[in-house]
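Asks: This structure is in structure tokens; I'll ask about it shortly.
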Amino acid sequence: MILISILDKLDEGAINKTHLSYKANLDIRVLNRYLQFMQSRGLISYNDNKLDPTLVSITDKGKYVLHHFKIALRMIDEECDIDNKCILRAHKL
């Protein structure tokens, strides 16, 4: 769910790693490991922005994964979404 939560935050728009760390409530070192994994899978990319080289954005593949994950969540529990409590969290899956 952490990976999906990161993608969800990035779906709101490109953001630098520090702000993403705060929004995702993750230590920057943990976030960096997730971002490295996600970049290697083509889910995120770093923008070629000279002013802020840490600007991260979601790729089309990342949006595809996020979209289908949300559909799967709704199929399991219609009231479930990424940010709200749902039956999945109640059962500690």
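Asks: Filtering region 29-58 down to residues that are of a type outside the set (D, E, K, R) and in a loop (DSSP other than H, G, I, E, B), which residue is nearest to the chain's Cα centre (by Cα)?
Replies: L43
Asks: With respect to K9, is the statement that it is open to solvent by 90 Å² or more (accessible area, probe 1.4 Å), under 12 Å from the mean Cα position of the chain (by Cα) and not hydroxyl-bearing (S, T, Y) true?
Replies: So K9 does not fit the description; no.
Asks: Hey, can you tell me all the residues within region 12-26 that are over 18 Å from H67 (Cα atoms), part of a loop (DSSP other than H, G, I, E, B) and open to solvent by less than 70 Å² (accessible area, probe 1.4 Å)?
Replies: Residue satisfying the conditions is L26 alone.
The values are calculated or read from the model by the stated rules, or taken from the named source; none is laboratory data. In this text the structure is predicted, and so the values were computed from the model without any measurement. These area figures cover heavy atoms from the full protein model, side chains too; ligands, DNA and RNA do not enter into them. Shrake-Rupley method; radii C 1.70, N 1.55, O 1.52, S 1.80 Å.
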